Amino acid sequence: MKKKQLAKLKQQFRPSYETARQQLFAAIEAKTAANHDLPTTVYINPKNQDELLIELLKETQKEQKIAVPLDENFKIVVKRIQRQEAGLLDRFSDNLVDEIAAYWLQVTPQPAVETKSTPEEDSSDAPAADDAATAEKAMTNESAAPQQSTVAGLSFTDFADKIAAFPKFSVERTDDETTVVEQTPKEQRILATISEGEANQFDITSALERKYKIKLDVIPLIEAYAATALNQR
């Protein structure tokens, strides 16, 4: 009987789903400001209840708002926070804040400056990778033109430098493959692998696919490096 009474008591003091969600939003706002000097406000899109908006409250050259879909996985996490699962609120908000900060604080990779070029070479240059709309369109058309990239061919050094411009991202290389990794507080997370034995062979992991905005800048670089001839890397 005492166990049932205790369970009932815990149920009564358990936060509502909406309260748990607001706790998550408040944690994101507090951590972006305290950890990265990024004052934000987090709220549900009034025009789309299935979308979370994270708005930066200071000037930026990037988009002022980041939209995050409130998919089933997100709702499940909020329900677990509602059940007061130990440490989940901190872990989940930390991961989201890292992605948010990586987007707004990243240094946009700059294309290499060629001191000598011909009109033909200049006309073959593809659009810059930091144009998110162009990159997204190119990704959509990937199945129709798998070897087309939004970035010109890259040597390994150039590729590694451009990836390192994204916070916590780096590149590792062996005889068989090149790996794009992210250093998290708990582990080194693999984001993509690129074959060093065959051109145009690469794999994007779900860890990178979940990075809603930053992947639009990173994936075109991976595609470009993978498409570069092996003897030119």
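The values are calculated or read from the model by the stated rules, or taken from the named source; none is laboratory data. Every value quoted in this text rests on a predicted model; they were computed, and no experiment measured them. Backbone-built Cβ (ideal geometry, glycine too); neighbour counts: all protein chains shown. Please note that ligands, DNA and RNA were not included when accessible areas were found on the heavy atoms of the full protein model with its side chains. Shrake-Rupley method; radii C 1.70, N 1.55, O 1.52, S 1.80 Å.
A few comments on the model shown:
- Take each peptide in 43-56, 216-229, count the other Cβ atoms within 10 Å of every residue, and average; sorted highest first, the result is 216-229, 43-56.
- Label zone (Lys186, point 7 Å along Cα-to-C-beta; backbone nitrogen cut-off 19 Å) within the stretch 43-86: 73-86.
- Probing with 1.4 Å while keeping every protein chain in the model, the per residue accessible area of the stretch 7-104 equals 57 Å².
- Pairs with C-alpha atoms separated by more than 29 Å, drawn from the list Lys79/Lys211; Lys47/Lys75; Lys79/Lys162; Lys31/Lys168, are Lys79/Lys162.
- Estimated FRET transfer efficiency (Ala30, Thr157; beta-carbon r; R0 35 Å; 0.05): 0.35
- Carbon + sulfur, % of accessible area of the stretch 15-95 - ligands and nucleic acids excluded, 1.4 Å: 48
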